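The values are calculated or read from the model by the stated rules, or taken from the named source; none is laboratory data. Here the structure is a predicted model, which is why all the values come from computation and not from measurement. Here Cβ is always computed from backbone atoms with ideal geometry, including for glycine, and neighbour counts include all displayed protein chains. Just so you know, the surface numbers come from the protein's heavy atoms only, side chains and all, with ligands and any DNA or RNA stripped out. Shrake-Rupley method; radii C 1.70, N 1.55, O 1.52, S 1.80 Å.
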Amino acid sequence: MFYLSRVTIVLTWLAVAAMLVFDASNLLAASPHILLRLDAADVTNGRLVSTRDEIRTLLRDAKIGYTELTGSGRTVQVHITDPGQLDSAKAAPKTVTDPVADSGVQEMTLDDSEPGLLKFTVTDAGLKYRTSAALAQSVEVIKNRVRDLGVTDPVVQSTDEDGILIRTAGVADPQRLGQILTRPGRLSFQLVDQSMPVNEAINGRPPVGSAVFYSMGDPPVPYLIENWVILSGENVVDAEATRNLAIDEPVVAFRLDSRGTARFKWATTQNVGKPFAVMLDDQVISVPIIREPIEGGTGQISGNFTAESANDLALLLRTGPLPARLTIAEEAR
């Protein structure tokens, strides 16, 4: 009689399991799919922007004078104008350098070795934490977008530190799918800066707190836009492509959450008669005039849409923005 030792049996089962995993991964890789990569540099840049804005708010609330609040690489720095306020300036943005709740990760460190200059730098652990969080959030956004597009039995999973694999069986238009999955989908409502003509801003220097952005049309039209964001896509709880019968064009109807409704009412009450820009991924969709306070928490976005582009925008608003850019690393149809 032939006997197998327990070690041999275990090794045999491990070999079989490895073959099954190898075959399954090969099968998935051979099927129609898209492999996306998270842009780590965009994760870092997003953290710098949020840190810069947080420091600006904290210093202003503490009535601390400062200049040259800038960010580059992995560092945000600011000059404190009054040496007597330096200790207060170090204490005011303490929340920036505090460890993240529940994780203990210190995302930012403070360097005050140069007189009057505060430098906040993203740590390696902080970058890893942010990248991991951005990947997890991206997976959820991609899942929502794939389901909204009606993909049959979607498979969406992270593959490593920065990869997302999507099985795309049953997709009628894989090219459109790839375009939608990689759109950041960052919606914002921002006031138009009317303090100077836009051409002067282009040829010279825009006012502090404003920048030049261009429309999505051909040719693109420049606008001078205030950096202050009245509303963002995070305040949108629902969106649907519909048709405005008055202008006989496709539009996107949206509904805001309670915080967005209150914020939009306050902003439109304060700025009646002024133009504001509806922005998507740093491009201007439209520039309506605030005729009266908008109180109901609902509205429409128009912008020379086709039926398909209106549907795509509504989908992006329903499923939320990506936390960082995604690029297509591999595609098999």
Subject >> Residues of region 113-162 satisfying the condition of being touching a strand residue (DSSP E or B) at 6+ places or on another chain (Cβ under 8 Å), farther than 30 Å from Glu68 by Cβ, hydrophobic (A, V, I, L, M, F, W, C) and touching a residue at least 60 places away in the same chain (Cβ under 8 Å) >> reply: Leu135, Ile142, Val155
Original post:
If we scan region 212-225, do we find a residue that is in contact with an Asp or Glu (Cβ under 8 Å, 6 or more places away or on another chain), open to solvent by 40 Å² or more (accessible area, probe 1.4 Å) and not hydrophobic (A, V, I, L, M, F, W, C)?
Top reply: no
**OP:** Out of the residues in region 106-129 that are charged (D, E, K, R) and assigned to a loop (DSSP other than H, G, I, E, B), state the one that is farthest from Asp82 (Cα to Cα).
**Re:** Glu107
Original post:
Got a sec? Which of Ile247, Ile225, Ile230 is over 14 Å from Ile294 (Cβ atoms) and touching a Phe, Trp or Tyr at 6+ places or on another chain (Cβ under 7 Å)?
Top reply: Ile225
Original post:
Just for region 289-306: of the residues that are touching a strand residue (DSSP E or B) at 6+ places or on another chain (Cβ under 8 Å) and crowded, with 16+ Cβ neighbours inside 10 Å, which one is nearest to Arg186 (Cα to Cα)?
Top reply: Ile301
**OP:** Inspect region 83-94 for any residue being surrounded by 15 or more Cβ atoms within 10 Å (Cβ to Cβ), under 30 Å from Asp281 (Cα atoms) and of a type in the set (A, V, I, L, M) and give the result as yes or no.
**Re:** no
**OP:** Answer yes or no: is there a residue in region 251-258 that is in contact (Cβ under 8 Å) with a residue 12 or more places away in the chain and part of a helix (DSSP H, G or I).
**Re:** yes
Original post:
What residue, of Gly178, Gly185, Gly150, is in a loop (DSSP other than H, G, I, E, B) and surrounded by 15 or more Cβ atoms within 10 Å (Cβ to Cβ)?
Top reply: Gly185
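Per-residue answers, yes or no, for (1) open to solvent by 60 Å² or more (accessible area, probe 1.4 Å); (2) in a loop (DSSP other than H, G, I, E, B); (3) among the aliphatic types (A, V, I, L, M):
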| site | (1), (2), (3) |
| --- | --- |
| Glu68 | yes, no, no |
| Val78 | no, no, yes |
| Gly104 | no, yes, no |
| Thr131 | no, no, no |
